[in-house]
Amino acid sequence: MKGGDGRPLKRFRWWNLFTGRSLFYLQLAGDGGRQVEYAIDVRHWGDSETGEGRAHLYRDGRHHAESKTPAVFPVEGGEIEVAMSGFGVKRCHYVTGDGAERQLVPDARSAEGRRARLERDRPGLSRSIGIISVIVLVVGLGLNLVQVLEPISRIPPVAENVGAFESPISLPLWLNIALGAAAAFASVERALRLRYNWLLDAGGN
């Protein structure tokens, strides 16, 4: 982690939806009870200068610190933890000294903010989308596992000790591609809600 340069926080613009930017906020009580606003600005695809994924901490609208992800920023009463997966932000939480934690609030204009608004305004639809995402990932994981087992079981040492496995499923290439695309969309949808499971949501760092 290194100190910030004091530059002002840029507003989230509509085109940032397509440039891999996430923006989250946290209100804390500072010295003398004054409210302090922190912002975490995450660039998924890396900064233009470094080319690596980084998280930037702003304090009252000014650049305060930055770090490669996963990142930990000390703040009043605890720290802000930021981590990425291959599909977006998987963690952006304030953790107090006694271990209590809460997720930061996404900017209303960001993809995460729009997904949070859908969950707030249409909870039934939001819940259905979340369930479908899990089903897609579980089905994709199961089908891939079954198809991968066959070539692995034909490796001579494995075949000698375990025996060859013949997959009952052989999907055409186009269907495998379609399932892969559906799984990617499902993982992105889960990332917008900061949901992450090491088995379902591959590609974490």
Once phi is turned into θ = phi - 60°, what whole-Hz ³J(HN,Hα) does the Karplus curve with 6.51, -1.76 and 1.60 give for every residue of region 114-120, x standing for Gly and Pro? 5, 5, 5, 5, 4, 5, 6
For the chain, just the Cα atoms, rotate onto the principal axes and tell me the three extents in Å, largest first. 70, 40, 37
How large is the Kirkwood hydrodynamic radius of region 122-192, in angstrom, based on all distinct alpha carbon pairs? 14.0
Give me a comma-separated list of calculated 3J(HN,Hα) values for region 193-201, in order, Karplus coefficients 6.51, -1.76, 1.60 applied at θ = phi - 60°, integers in Hz, x for any Gly or Pro. 9, 6, 9, 8, 9, 4, 7, 7, 9
Residues 19, 96, sorted so that the one with the fewest Cβ neighbours within 10 Å comes first: 19, 96
Lys and Arg at +1, Asp and Glu at -1: neighbours of residue 17 with Cβ under 9 Å from its Cβ sum to +4
Taking only Cα atoms, what is the 0 to 90° angle, nearest 10, from helix 123-153's long axis to the longest principal axis of the chain? 40
On the Cα set of region 2-107, report Rg and Dmax in Å, please. 13.3, 41
What 222 nm value per residue comes from the helices of the chain, counting each DSSP H run with n ≥ 4 as -39,500 (n - 2.57) and dividing by all residues, nearest 500 deg cm²/dmol? -11000 deg cm²/dmol
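No value in this document is a laboratory result; all are computed from the given coordinates. Keep in mind the model is a prediction, meaning the values are calculated, not measured. For neighbour counting, all protein chains shown are included, and Cβ atoms are generated from backbone atoms with ideal geometry for every residue, glycine included.
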